[in-house]
Amino acid sequence: MLTRSALIYLSRQEGLKEFAARFSLFRKLTTRFIAGESIDEAVAAIREINAHGCTASFDHLNESVGSAAETEAEVVEYLNVLARIDETGIKSNVSIKLTQFGLDIDPELAYRNARRIVEDAHRRSNFVRVDMEGSNVTQVTIDIFKRLRAEFGLNDVGIVVQSYLYRTLKDAQQLVKIPARMRLCKGAYNEPAEVAYPEKADVDANYIRVMQVLLASGVYHGIATHDPKMIDATIDFAQREGIAKDAFEFQMLYGIRRDLQEQLARDGWGMRVYVPYGKHWYPYFMRRLAERPANIWFVMKNLFK
Ligand SMILES: Cc1cc2nc3c(=O)[nH]c(=O)nc-3n(C[C@H](O)[C@H](O)[C@H](O)COP(=O)(O)OP(=O)(O)OC[C@H]3O[C@@H](n4cnc5c(N)ncnc54)[C@H](O)[C@@H]3O)c2cc1C
């Protein structure tokens, strides 16, 4: 049986992508979680998401950017995405990863690149979410975000916090004071017990604590989860505290619990779908498999049938 950490390990072996992609069926299975390889395909997916009453966030997949020149291509991609959102009128913002913009090469380069996207989004009245990555970059990601937030408005740029990290409750309490818009998620990386709760029950309990800090702050945040227990706890808290349905939004990933996405939108809750697209889909796809053993069996069964 493949464990979660084994799959996360495999997700870092880009060479396997070439092997995996040779199975046309494997490729087809990825379309459940990835909107396509081009902006056009992502736009088409978002039109459909919008038609079901949900908004979206573009995510150009590319986690292995190794040179300053490659980061430039990422910036150009995102500037194109922001232009396409305006041209097409689709309801979407964008999510970026700082490693994509050069964080591993030079944090200043990542800051300058991210700034160009936030500036363009600001000009277009759109919004940029800075995704959170592994715990080795948590602090530098928050630092860069704070610089951007100091230069731009609350509704121009936001950040992500992960409930599996011990530090997150304190981070969230400090970030709401700025104020800053946050996306709360559980966290998708393989983290050691020195920095993250090893037990799922503790990650969930912390998720609920942080969710309450966010909702009580009066700032518009994103509650990102597919977990019905987290969603129920959020709805209960909002109803108990008299927090309006449009004072925050739920967020889910493309292709995961579409039934629940549409149900929440029908019930009048804000619902945003995160839409990954691009040629470098392999690590993202493997992390989604790592989250749910049933998905692995689904892939295996179809590969060997
Ligand atoms: C919009 C959005 C943005 C995100 N951004 C980040 C980020 O910036 N940084 C980061 O570290 N992580 C991010 N994540 C990933 C997140 O941290 C979790 O890894 C992921 O959402 C799974 O956690 P969960 O809350 O859905 O709960 P879990 O406890 O993992 O799952 C609860 C239930 O949800 C369903 N489910 C969960 N995952 C799947 C799946 N892959 N396939 C089918 N059903 C599933 C199952 O019914 C499962 O029982 C993001 C997630 C979302 C939804």
One finds the C-alpha centres of the range 262-297 and the range 56-105 to be spaced, in Å, by 18
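Viscosity 1.002 mPa s, temperature 20 °C: what is the translational diffusion coefficient of the chain from Stokes-Einstein with a Kirkwood Rh over Cα pairs, rounded to a whole number of µm²/s? Please list the in-between numbers first.
Values: Rh = 19.7 Å.
D, rounded to a whole number, is 109 µm²/s.
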With every protein chain kept in place and a 1.4 Å probe, the residues 240, 288, 112 fall, from largest accessible area down, as 240, 112, 288
The long-range amide H neighbours of residue 253, using H built 1.01 Å from N in the peptide plane and a cut-off of under 5 Å, are 274
Of the listed pairs 170/245; 229/279; 146/186; 170/279; 91/245, those with alpha carbons more than 29 Å apart are 229/279; 170/279
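Just for the chain, what percent of DSSP beta bridges are antiparallel, to the closest 5? Working shown, then result.
On the way: 1 of 32 bridges.
Around 5 percent antiparallel, to the nearest 5.
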Computed curve, the range 24-84, Cα-only Debye sum without solvent term, log₁₀ I(q)/I(0) at 0.20 Å⁻¹, is -0.89
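Show me the helices of the chain, taken as full DSSP H stretches, that run 15 Å or more along their long axis by Cα and average -0.5 or above in Kyte-Doolittle hydropathy. Don't skip to the end; give the middle numbers.
Numbers: long enough: 39-51 (18 Å, 0.49); 68-88 (30 Å, 0.01); 107-123 (24 Å, -1.19); 138-151 (20 Å, -0.23); 200-216 (24 Å, 0.49); 228-241 (19 Å, -0.53); 293-304 (17 Å, 0.70).
Both cut-offs are met by 39-51, 68-88, 138-151, 200-216, 293-304.
Could you please state how large a percent of the accessible area of the range 147-209 is carbon and sulfur, counting protein chains only and using a 1.4 Å probe?
For the range 147-209, the apolar C and S fraction of the accessible surface comes to 56 percent.
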Convex hull around the C-alpha positions of the range 246-299: the volume in Å³ per residue is 93
Order by accessible surface, 1.4 Å probe, largest leading, for residues 67, 125, 57 comes to 125, 67, 57
Sorting 185, 54 on solvent-accessible surface, 1.4 Å probe, most exposed first, gives 185, 54
With every protein chain in place, the accessible area of residue 199 for a 1.4 Å probe, in Å² rounded to the nearest 10, comes to 110
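The values are calculated or read from the model by the stated rules, or taken from the named source; none is laboratory data. Please read all numbers here as calculations on a predicted model, not as lab measurements. Side chains are part of the model used for accessible areas, which takes the heavy atoms of the whole protein and leaves out ligands, DNA and RNA. Shrake-Rupley method; radii C 1.70, N 1.55, O 1.52, S 1.80 Å.
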